1. Kindly provide the trypsin sites (Lys or Arg not before Pro) of region A:277-372 that DSSP labels as loop, not H, G, I, E or B, and whose Cβ sees at most 11 other Cβ atoms within 10 Å.
2. Looking at region A:25-117, which chymotrypsin sites (Phe, Trp or Tyr not before Pro) are DSSP coil and have at most 12 other C-beta atoms within 10 Å of their C-beta?
3. If you average the sequence gap of Cα pairs under 8 Å that are 6 or more apart and divide by the length of region B:65-220, what percent do you get for the contact order?
4. Given an 8 Å cut-off on Cα distances and at least 6 residues of separation, report the relative contact order of region B:364-425 as a percent.
5. Compute the relative contact order of chain A as a whole-number percentage, counting only Cα pairs closer than 8 Å that sit 6 or more residues apart in sequence.
6. So if I take the alpha carbon set of region B:347-432, get Rg, then get Rh from the Kirkwood formula, what is the Rg over Rh ratio?
7. How many angstrom lie between the C-alpha centres of region B:66-94 and region A:406-429?
8. Partner chain Cβ atoms within 10 Å, averaged over the residues of B:202-208 - can you pull that number for me?
Amino acid sequence: MNFDIRRYVILAFIILVGFLYTFRLFYMQVVDDTWTLRAHEVAEKRIEITPPRGVVFDRNGMKIVSNRTYFNLMMVEDEIKHLDTAAFAKLIGWTVKDVRNRFKEIVKGEGTYYNKITGKRTSNYQKIRKYPFLKELTLEEISSIAPHLENFPGFYEKVTSMRNYPFKSGANIMGYLSEVNREEVESDRFYRPGDNIGRSGIEKFYERELRGRKGIKYIVTSALNNAIEPFADGKYDTTARQADPLKLGMDMIIQSYGEKLMKNKKGCIVAIEPSTGEILAMVSAPSYDPNMLVGKRNISENYPKLALDKNMPLFPRPLQAEYPPGSIFKLVQSLIGMQEGVITEDSGFPCDKSMVGCHNHPSARNVAEAVQYSCNPYYYAVVRRIIQQGKKKRLFADAEYGLNKWHRYMTSFGLGKTLDADVSGQRPGLIPDAKYYDKWYGHHQWAFSTIRSISIGQGEVKLTPLHMANIAAIIANKGWYYVPHFVKSIGRKGPLVEYRTKKRTMVNAKHFWPVIEGMRRVVNENGGTARMARLENIMICGKTGTVQNPHGEDHSVFIAFAPMNKPKIAIAVFVENAGFGGTWAAPIASLMIEKYIKRKITDKEKEKRILEAKLAYISTPGQ
Amino acid sequence: MRKEESLVEHLDWPLFITFMVMLVTGMATLYSVAYDDLHPAIYDVSMMYGKQLIWIVVSLFLGLIVFLIDSDIYRRFAFPIYGFTLLLLVIVLFMPAVHGARAWIGIGSMGIQPAEFAKISTALLLAKYISGISVKQQNISSVMTASAILLVPMALILLQPDAGTFVVFTSFLFVMYREGLTFDPIILSFVNSIPGVRFKETWVGSHFIPILFVMIFISVITLLLNSVQLDFFFLPFPVSGSIGVISTLLIFSLLSILFLQRFSAKRERTRGTVIIVLGFILTSSLSFIVDNGFNSLATHQKDRIELFLGLREDPNGKDYNRNRAMAAVGSGGLLGKGYNKASVSSVESNHVPESETDFIFCPFAEEWGFVGIIFLFGLYLFMLIRIILIAERQRSIFNRVYAYCVGMILFYHFAINIGMNIGFAPVIGIPLPFFSYGGSSMMSFCMMMFILLKLDSQRKDVLR
């Protein structure tokens, strides 16, 4: 038998395998991307470099929010050799037990992640990876540890940066940063666990502008996660870029001065530059040192204290406290009355105390006098005319028509809605409309007599101090305003476009003059309610308010702008439980105005009286 | 003097040069894979490449000795050599286990693996036995004797255990097939025991080995591709694995028929076509049956088979090595990443364990890409085909059988080792000849080649 033919069977096998493998390799290497992608996944690591956060300047170019260098003490378990736990504990000032617990905590906690597929927490801890053993050490702390680290192989220092507030003011406005939570990591690819995010205030509103651009480095790594070399010689790497600085319209000098004045008081100050809408100062009292909430260590120590404080230092009053405005509301009522034609600037009403109480003063013969005397019965009469214009036959329908019209005016003043300033956490206040009262009393079940207390800024009406300051700015501008905002410029860009469009009220400029005249008299004439705000060489126009408070002492309010002819500052001061508006709020406002315009205080007695006043018992940490 | 002249004159230079090119390529690949900045010298014996260089030098020295000794001794001493390696295979079982296998005599890098040398001695004894029997004697007893020559070392190797080398020993079945030592006599004795049946031979019986291997190969490929959706660039939709296998078979069958119509004699043509058509029907239905049979298995049975084949979708677990290896190979692309640029499979990065030994194909494929693969496959296929041609030109049956043994062993290593790297074969650890790091395998493959070259150079001297 001849088996020679069988050589071809064997040759066929060899050639078949050769071709099959060639086809397979052509498919794997040239056609299909799967394995190339898998190789990238296996061998390349992205390293993200977080730049320091953008810094913040005030209007005078002072750096009011900066970054300070901190250090993390990192550990790599694989590199730790013969650790003298006792010596190490002594070095970092811990007990041996604490050190052991921290090790356990890292192994259990730091490395775990939530596995979506299994729905379990899986430990991802690896002995060869770096984990922070101690976080956020200050320069002083690390400088006592670092020189001895060579005795403890496996421990390194790593530089990181955190916020620093050199002026210790504006805490409620600037807000604070804290670590991102899982939802934030999942919804925004920018963040990785452990990153910080703006939690409130400007830090939150301008998070995207402040966080900058992360640098990404691709490196080739080994299976043990050691970097071997940059991938493709760094062709795809991007460098980290710190965000452009924010320049605020805020004037840190009057901001910190305002905080000083408001010590031992509850309340707030809001100052706006009327011509631009830039917020010059926004004081919330009581407040706290913003440095108290920098970093995880500080937050875990101080946040609970601040949150549980019954004086609510974390509460940003200028944005969120909704108060009845009291008598300052009469300014707006006068304007609406004149614009609607239900009164003229020369309309007079007797001070008829049968409807509502008033203090002793002569009857107002015109709008200016009504503002000067802050005559309650006068505004009952005015607002009655606004609400009950007689346009509808039935009383209730007429009130509905009138109130809605009034509501539209109020809305044009930015009231009853959030002002959309560039800071998170604003409240809308409340300007009731017909629907609102329908809910309370039923449709066509109410008329002016039911709701009359709104005419003097009591009852259902509520404004935030920011709204109040904006009223002063509108009057200073005679009928228009820019939405109040903090940020003047971002890098080379000006403020956001929504802060560059003028908003006009529904009231003509000419109707503002009698009101302004009245406000001048409030401060500068005998018989005005805010004579304590008078300044020698700055003409202040203002209006006091005393807000009835069913829970205790009345609140003291004052809004003003100055100088009268070329307004540079519009201000609202609200002091809780301080009684009459002229006594506390007015002098505080005048001090702020003088400090802003003249940079010095002439009446030291006035300043001393305010600084020494204790209107609330406040024992806030950090203040 | 005369002898050396005749050696130079009669040496098969194409094979010798291919062999040397392969040694150089292999050494270069290992140098690239294991390169360490701190020890850049290729002769640095503290590094793998330094050691490998020593092994190569030792192997070349052994080769020189082989060239100087008369080739007759292999034939004469085939049985003592076989006996000696069997003894070593027994001794190795009493050695301490390394990585769970008692494969080493000696310690550390200076140890040797007797299993590697058992391949040579088995080849020699098989050659001697087959050359001693005539065609007439091909009956049950001769088939059994030849099988026994294989089975004894195989059993000892399985005890180590070393599954890879065990599988490699089945390559000798192809040699037996070539020499007509098929299992046909055994099958015939069964078939002819049926009254009234009188076969001289059965087709299945005489081609039992290749048919078996084709069936195993197609079944394994079908199973490996069972859960895979294949995306072909020329097809708009993905196809399931078994359809891919069947269509590949169809393409090959059509190609072979075309080939037959064009190049073979008329008489052969019909017969060949019938065989190919039958073969296609058989293999594709096998693939279909395996695919469906597997899908209808109970989960735990499936699991077991998948585990055996290393098919678990667990890139970081059981399938770690294959997955990383395929990533490395696939990432090479058309032109590769360049010499010394293997980012996935270098020893330093260590993403592919054993990338210097069993998975050395990875760094080669990663660094040189598909172009490099063409070169490597070219070398290997040329070497294998050249060995078959050399085998067929021998006057002595001993030489021919030995040459076939060498060819089939190398073919097995090539097919299984590279199959492992591209997901076509289960991961069983066997080295890639002349590339993988390791003294025993390097020396054993070189000796094999040198003995072959020596036997071939003396093919005209003697007629055995």
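1. Values: sites: A:K296, A:R297, A:K305, A:K310, A:K330, A:K353, A:R365; in loops: A:K310, A:K353, A:R365.
When the trypsin sites (Lys or Arg not before Pro) of region A:277-372 are filtered for loop state and at most 11 Cβ neighbours within 10 Å, A:K310 remain.
2. On the way: sites: A:F26, A:Y27, A:W35, A:F57, A:Y70, A:F71, A:F88, A:W94, A:F103, A:Y113, A:Y114; in loops: A:W94.
Filter output for region A:25-117: empty list.
3. About 19 percent, as a whole number.
4. Values: 29 pairs, mean separation 13.6, N = 62.
This gives 22 percent for region B:364-425.
5. Working: 1288 pairs, mean separation 87.9, N = 623.
With pairs under 8 Å counted, the relative contact order is 14 percent.
6. Details: Rg = 15.3 Å, Rh = 14.2 Å.
A ratio of 1.08.
7. Taking the Cα centre of each part, region B:66-94 and region A:406-429 sit 100 Å apart.
8. Numbers: counts 0, 0, 0, 0, 3, 2, 0.
Whole-number average of other-chain Cβ neighbours for B:202-208 is 1.
Each reported figure results from applying straightforward, stated rules to the coordinates on display, with no laboratory input. Small disclaimer: the values here were computed from a predicted structure and weren't measured. As a convention, Cβ positions derive from the backbone with ideal geometry for all residues, glycine included, and neighbour counts pool all protein chains shown.
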